[in-house]
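The values are calculated or read from the model by the stated rules, or taken from the named source; none is laboratory data. Since we're looking at a predicted model, the values are computed, not measured. Here the Cβ is made from the backbone with ideal geometry for all residues, glycine too, and neighbour counts use every protein chain on show.
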Amino acid sequence: MTTAIQPHAPDASTGDLHLLSILESGLPAELGTADEPATYTVPVVFSRQVGRDERARIEDPATARRLAEQIGATGPPLRLAVSDRRLLVENTNLDQLRDGLAAALAAMLRDLGGELRAASDERAVAADARVVEERRRSDATHAAVSTIRFE
């Protein structure tokens, strides 16, 4: 069974990575008992497979530090790890997620999607410029070659 962590899903038309729900079966069995740990790993389901660049940014320790600072987390350092289609939010708890970490994670992924789209757009523009320049160079070479006669 899973529990939603967002009141509504982001616009899936962008293809951006977002979080869908907490995987309840991955939570510690001690939750709600006297033996409940203060922090633990919370598995959260991604909307799709995570790309290489996305994974690198998500798992960068600086990302977890920024999130922890945003929510004022204390205790063991927050850590983010990608495992298949799950985000493992380590050294946290359901209260932290409810009280701001879930929203901070969603915002981080929205920002990440925008940044990666912008970088991709820049690469596409640069590639188009290289194609245009290569075509210009090829046309100029062809024009120069066509003026030469071996008569």
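Side notes on the structure shown:
- Within region 32-65, the set of residues being over 17 Å from LEU20 (Cβ atoms) and surrounded by 14 or more Cβ atoms within 10 Å (Cβ to Cβ) comprises THR39, TYR40, THR41, ARG55, ARG57, GLU59, THR63, ALA64, ARG65.
- Just one of the listed residues (LEU105, LEU80, LEU87, LEU97) is outside any helix (DSSP H, G or I), surrounded by 14 or more Cβ atoms within 10 Å (Cβ to Cβ), touching a residue at least 40 places away in the same chain (Cβ under 8 Å) and out of contact with any Lys or Arg (no Cβ under 7 Å at 6 or more places or on another chain), namely LEU87.
- From the list ALA73, ALA68, ALA144, ALA129, the lone residue that is of a type in the set (A, V, I, L, M), surrounded by fewer than 11 Cβ atoms within 10 Å (Cβ to Cβ) and more than 27 Å from GLY15 (Cβ to Cβ) is ALA144.
- ALA68 modelled with pLDDT under 95 and assigned to a helix (DSSP H, G or I): yes
- Within region 90-106, one or more residues are among the aliphatic types (A, V, I, L, M), at pLDDT 95 or above and closer than 18 Å to GLN49 by Cβ.
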